[in-house]
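The values are calculated or read from the model by the stated rules, or taken from the named source; none is laboratory data. Note that the structure is a prediction, hence the values are computed from the model and not measured. Cβ sites come from the backbone with ideal geometry, for glycine too, and all protein chains shown count toward neighbours.
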Amino acid sequence: MKYSVVRCSNGNYSIEQETDDLDSAKITYRNLCNAYQKAPDVVTATAAILNEKLEVIQPYKESFEHEAQAQGE
């Protein structure tokens, strides 16, 4: 089975990783979630692990929301 770590940050989608190794995908997913949780420039973000049928590997989907910062902060 193939797995993809996908993300959407401030409306921009991308595939972070494609792999046959679920453990590797989990590590990439956790690192991405940690980064989104701390990122002051991210207003909205979602990260997930999907299989080749585009099904979410549970429980690996998380969304983040931060207050928009004013320019110059």
* Would it be correct to say that Ser24 is assigned to a strand (DSSP E or B) and at pLDDT 95 or above? -> no
* If you check Ser9, Ser24, Ser4, which single one turns out to be exposed (fewer than 15 other Cβ atoms within 10 Å of the Cβ) and either among the hydroxyl-bearing types (Ser, Thr, Tyr) or in contact with a Gly (Cβ under 9 Å, 6 or more places away or on another chain) (or both)? -> Ser24
* In segment 40-73, which residue that is surrounded by fewer than 15 Cβ atoms within 10 Å (Cβ to Cβ), of a type in the set (Asp, Glu) and at pLDDT 95 or above is farthest from Leu22 (Cα to Cα)? -> Glu55
